[in-house]
Each structure stands twice: as structure tokens, then as C-alpha cells.
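The values are calculated or read from the model by the stated rules, or taken from the named source; none is laboratory data. Quantities reported herein were computed from a predicted structural model and do not represent experimental measurements. A quick note on method: Cβ atoms are made from the backbone with ideal geometry, for glycine too, and the neighbour counts reach across all protein chains shown. To get the accessible areas, we keep the full protein, side chains included, count just its heavy atoms, and leave off ligands, DNA and RNA. Shrake-Rupley method; radii C 1.70, N 1.55, O 1.52, S 1.80 Å.
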Amino acid sequence: KPIVEGKEVTGFTNTEEEAVGLTRIVPFLVEDELAAQGGRFTRADDWASYVVQDGLLITGQNPGSSKETAQRLLSALKSSQIS
């Protein structure tokens, strides 16, 4: 069973891939693949920092989300959600 099945997730969007000219270069589009694996893909505006946490799964939309994603992980660790 895919780890994202039934979970709310985010990742690099199709429109962000298109904006940087990678849609024909990468082997798959993250947004499409997460949805194909049963994830409930959510997103913010392109290039916005956006983080989703569904249980222990924490995902960020794009490189600009790295800081916020790391902060969410640290917060989860501090609150003992993850050991």
C-alpha cells in the first residue's frame, strides 16, 4: 500500500514544473504521481511556502517550503508525535 494512500499531501505542482521547463524532462510529475498513488493532493499558489501534515507524514510543496517543513518536523519531534 502506498505511504500516501488516503493521506493529505503536497509537493512540487505541475504548474511549478511547467514554469521551470521540466515537464518533459522529469520521469514523472510529483502532483500527478501523488494523486495516482491515492494521495489527496493539496496546494497553495505557485512558489508559496506550503506544508501539509497528515499524522506522521509531513510534506512541503517546493524548495521554498523547506524551512517551514523542517520547523514542522522539529515541532512534531518536540511534541513526541515522532520518537
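Values for this structure:
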{"quantity": "Rounded to 10°, Cα long-axis angle of helix 66-78 versus longest principal axis of the chain", "calculated": "20"}
{"quantity": "FRET efficiency estimate (nearest 0.05) - Cβ-Cβ, Glu68 to Ala35, R0 35 angstrom", "calculated": "0.95"}
{"quantity": "Built amide H within the under 5 Å cut-off of Lys7, gap 5+", "calculated": "Arg40"}
{"quantity": "Carbon/sulfur fraction of accessible area - the chain, other protein chains in place, 1.4 Å, %", "calculated": "55"}
{"quantity": "Accessible area per residue in Å² at 1.4 Å probe, computed on segment 5-83", "calculated": "61"}
